[in-house]
């Protein structure tokens, strides 16, 4: 039974590769099969559906531009030769964002890793800079990312903006979709003579979270946050719903400055091997990053008031030899930690819309029990505290997975389906008129990450279900 | 005092505090016994003649404890003064006695990333100067920052510039600790932390004498002052709400003033065009484009964008000095026929009620909104400028607002209870007062629930 659209059959892209390599010289490339295959992967295998669908899809050649001029050269050559081109950061996506469905060139951006400027919290940066290295340069100047994915130690800034949506810090600054954080993007078009286009203001949304289907990002201008001093800690609770109510109360405690609030039921937390010495058998936890000092002091009162116990506390949020930074137990890392132990697990991405989110969580939690161990991420969404679910799912069949998804949606909890490689069926929901028109202008031959945008295939703007809730 | 001789031994008191600076010139004492209660015509009549008998100005905490202990010993009422910037007689002595001026208790105990601790009399501009030297600032401050003291702010204030993102003073985490002296013959010094802080804060000094305040700090952003002009008042109000809810735009202040309030702001003539409703905002420099796009969405035109001036440099007026209670002050400077209200609109349907009031009252109740985080959500309060006629009419207006679901912390009375402190905090204050002020000498008459035992 196939509930999810199938990708095209895997096949190498047929072209004169030697001539292409000559044309793009002196741009660096790699064609060694094992490396090309490695650079054609992301974490799509979290999903048993995508694992089956995409397991044999690879690019043909990895190209590694070192500056904007080289990107232009490669883009022009691809356009002239009609070679598919898939842009890649670190490959930490979860639904094949950076996986080529039609072979061709994988454009590895990691050599473009320079900070261009940092002024009054506005950072101009090349896309290939890893988030951890980015912050290593900005934190000494008093600035940090407003939010980052749990893959901070490996992901690139370009990959995050093109393939991500929110993360650690979204409890303060919302998501990438919100105005403000992404100030402008400079993209290269894929045409015979590529153009450099700077998108500012609301126009940046043509490229944010579009999986590189709408141009090649070569420079980003993003707003940072003033850096706080953070502490990691874990609160343990007797009852899962008590932990959720605590998380909500903390989210709404304006004077307790926090960066991460993730309630995780025992059914998921039990897989956290490195945390095992601190966790209490059977007890749900809330993974927290809170500002050191007055916020931490007030947090302890709040934990106690909700019947919880602080079982782990550490100054700083960078991790140590025994325990990695706690954000590596949150967001998609929760799933990863579980998958390290149990390969049969998969997951969901859910919005529990405010203001009824706590009740909706309880309903789903009671309904599915240990088949869907609940993991929540509290965020600010359009100015209100809400939560996403990245629940684990004990996978049995596609039919059952579909049933679980349908049940959530029937109860008013939209699923950002992590089992599809299609933009519109996942978090993006909508490819509107302006995005579609921009695609036609920036990629007239449909070479950028082909197969990901339903609107392109259908030659018209599209909207998935729940078009009003987008990532 | 009201001209009657005090019933207590002032001479004995003076002897007991010998060596400590005192002020006894009646004119100066009366001056020190006042705050901005004259915003309210009702309080002006009630409080105008009130004064302490004597001002004592301790130069350190040891002297303060002596001055306090002597009050208990001689059973003399005691009121503490910070900058005297309250608006409803928080510090006005109703029963004479001693006014303890904290002006010289202004030492910094520590200033470090995330938190600072000062003696109660420390001036807020001075606190921010020291915090900014290490890259931090006060999370919130009143519009009277130049004049106010930290002890006065936490004893008499509730929120301010900065509450747009960081909530209220009473939220856990804003004030991690206070040091309080009890009013006993041998005063005890108590360090309150966590929830216990609520026994002493926002109690007008009725429950203990605040000697030191520890405040949470926030990292300092490059703030810009900005003004947006609107043709339609409700566009301006919706902009205020939307800006509050725009998580990707970092802000410190969002005030919205209906025309004709801006007509009183003579110095802002170019930024506040004739007939336009305005928003006064403080925004992080990096978020300018997003802020301007949001203003444009709401048919607003940005008429000013400039760095927030440093208060230590004279001659420039930060935009926040047109916000909070300064809005009323700027109006009163020009037109003595106005007064004001303080209103918390019902969360979730705040704009609906704002619109109703706007249409209903027109220029009689001119809306000045302050958008802020309350319990995690964006809501607006209001400090409406009211065209004064009679007390009866004012109370009619108040009752109408209450009937529509608003809460009015009434600025026309001087009692704590009329400000509607949450019952929990009120109980905590009362319990703490029983413990710290057994003779009921602290700011008598302000806490109506207090009864001598």
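Derivation of every value follows stated rules applied to the coordinates shown; laboratory data play no part. Here the structure is a predicted model, which means the values were calculated and not measured. When we count neighbours, we look across all protein chains shown, and the Cβ atoms used for this are built from the backbone with ideal geometry, even at glycine.
Values as computed for the structure displayed
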{"quantity": "For region B:367-398 versus region B:136-199, the gap between their alpha-carbon centres in whole angstrom", "calculated": "23"}
{"quantity": "Nearest-ten-degree value, helix A:398-410 long axis tilted from longest Cα axis of chain A", "calculated": "70"}
{"quantity": "Burial order of peptide ranges A:26-36, A:276-286 (average beta-carbon count within 10 Å, highest first)", "calculated": "A:276-286, A:26-36"}
{"quantity": "Inter-chain Cβ neighbour average for residues A:216-229, partner chain, 10 Å", "calculated": "3"}
{"quantity": "Region A:360-435-region B:312-349 distance, computed between alpha-carbon centres (Å)", "calculated": "46"}
{"quantity": "Residues in region A:220-251 that a label on residue A:318 would reach, taking backbone N under 16 Å of a point 7 Å out along Cα→Cβ", "calculated": "A:227-232"}
{"quantity": "Mean-position separation - Cα centroids, region B:40-105 and region A:1-32, in angstrom", "calculated": "81"}
{"quantity": "Label-point gap, in nm, between residue A:304 and residue B:62 - each point 7 angstrom along Cα→Cβ", "calculated": "3.5"}
{"quantity": "Taking chain B and dividing mean pair separation by its residue count, relative contact order in percent (alpha carbons under 8 Å, at least six apart)", "calculated": "16"}
{"quantity": "Of all DSSP beta bridges in chain A, antiparallel share, percent nearest 5", "calculated": "85"}
{"quantity": "Three-way shape call for region B:223-403 based on the alpha-carbon gyration tensor, with the a/c threshold at 1.5", "calculated": "oblate"}
{"quantity": "Estimated distance in nm for a label pair at residue A:35 and residue A:195, the labels positioned 7 Å out from Cα along Cα-to-Cβ", "calculated": "3.5"}
{"quantity": "Average beta-carbon neighbours from other chains, 10 Å sphere, peptide B:216-225", "calculated": "4"}
{"quantity": "Calculated FRET efficiency for the pair residue A:22/residue A:340, C-beta based, R₀ 35 Å, to 0.05", "calculated": "0.20"}
{"quantity": "Cα shape, region A:315-355, gyration tensor, a/c 1.5 rule", "calculated": "oblate"}
{"quantity": "Computed [θ] at 222 nm, deg cm²/dmol, chain A (DSSP H ≥ 4; -39,500 (n - 2.57); rounded to nearest 500)", "calculated": "-8000 deg cm²/dmol"}
{"quantity": "Listed peptides B:438-444, A:435-441 by packing density, highest first (mean Cβ within 10 Å)", "calculated": "B:438-444, A:435-441"}
{"quantity": "Peptide B:247-258 - average C-beta neighbours from other chains (10 Å radius)", "calculated": "4"}
{"quantity": "For peptides A:144-150, B:304-310, B:6-12, A:294-300, sequence by mean Cβ density within 10 Å, most packed first", "calculated": "A:144-150, A:294-300, B:304-310, B:6-12"}
{"quantity": "Degrees between helix A:357-368 axis and first principal axis of chain A (Cα, 0 to 90, nearest 10)", "calculated": "90"}
{"quantity": "The protein assembly as shown: C-alpha gyration tensor shape, a/c 1.5 cut-off, then a/b vs b/c", "calculated": "prolate"}
{"quantity": "Estimated distance in nm for a label pair at residue B:195 and residue A:441, the labels positioned 7 Å out from Cα along Cα-to-Cβ", "calculated": "5.9"}
{"quantity": "Relative contact order of chain A, defined on C-alpha pairs under 8 angstrom at six or more residues apart (%)", "calculated": "16"}
{"quantity": "Using a Förster distance of 35 Å, the FRET efficiency for residue A:6-residue A:273 (Cβ separation, nearest 0.05)", "calculated": "0.45"}
{"quantity": "Degrees separating the helix A:68-81 axis from the principal Cα axis of chain A, which is the longest one", "calculated": "60"}
